[in-house]
Amino acid sequence: MNLIAVLFAMVFSSTNGIYEYSFTTLEGREVKMSEFKGRKILIFNSASKCGYTGQLAQFEELNKKYSGNLVVIGFPSNDFMQEHKDKTQVGEVCYGKYNVTFIMAEQVKVKGKEAHPIFKWLTEQENPDFTGEINWNFEKFLVDENGKLIRRWRSKTSPTSAEITSAL
């Protein structure tokens, strides 16, 4: 890489990692990812009518067990046609049926040109697992205390599996 390319990359690259981004919660509150500096962040895309929806209970288990060091954030998405269109119905599943206390974002797109900036960033970051577009609901991303993506798992990996809990 020549010097100009290196300088260009330094100037225009993401220096704050995920902390540059924000999102809106299901309740309408704006949240800056920088609020979570110093804690690991476990992010996933959810859908209320998916076969993996039961994982919400496992995410809640992690949220309670690691609450001092971990932030769990679910992002409902209808990209795979398995999410309610009405946020009230999404809330009924998350808060009513599964009693989640972790953060649920408003519904977003997680793939394609219209993907939420957080998911564009997450799917493009180097990590030891894989990069690229999300294949299905309940893909999981673990960001370290410094805002860097360190792990990624597909839908079938249980949130409470040793594979995930050992990384927390």
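The values are calculated or read from the model by the stated rules, or taken from the named source; none is laboratory data. Note that the coordinates shown come from a computational prediction; the quantities given were computed from them, not determined experimentally. In this analysis, Cβ positions are derived from the backbone assuming ideal geometry, glycine residues included, and neighbour counts consider all displayed protein chains.
Yes or no: the stretch 85-92 includes at least one residue that is under 21 Å from residue 159 (Cβ atoms) and not in a helix (DSSP H, G or I). Looking through the stretch 85-92, none of the residues is under 21 Å from residue 159 (Cβ atoms) and not in a helix (DSSP H, G or I).
Pairs meeting the criteria (first residue in the stretch 85-100 and hydroxyl-bearing (Ser, Thr, Tyr), second residue in a helix (DSSP H, G or I) and surrounded by fewer than 17 Cβ atoms within 10 Å (Cβ to Cβ), beta carbons under 6 Å, at least 6 apart or on different chains) are 98/57.
Could you tell me whether any residue of the stretch 133-142 is more than 12 Å from the chain's Cα centre (by Cα), of a type in the set (S, T, N, Q), part of a loop (DSSP other than H, G, I, E, B) and over 13 Å from residue 41 (Cβ atoms)? Yes, that holds for at least one residue. Condition check: closer than 15 Å to residue 21 by Cα, among the hydroxyl-bearing types (Ser, Thr, Tyr) and either assigned to a helix (DSSP H, G or I) or at pLDDT 95 or above (or both). Does residue 123 satisfy that? Spelling it out, residue 123 is indeed closer than 15 Å to residue 21 by Cα, among the hydroxyl-bearing types (Ser, Thr, Tyr) and either assigned to a helix (DSSP H, G or I) or at pLDDT 95 or above (or both).
How many residues does the stretch 38-50 hold that are in a loop (DSSP other than H, G, I, E, B) and surrounded by 15 or more Cβ atoms within 10 Å (Cβ to Cβ)? Going through the stretch 38-50 one residue at a time, the tally reaches 4.
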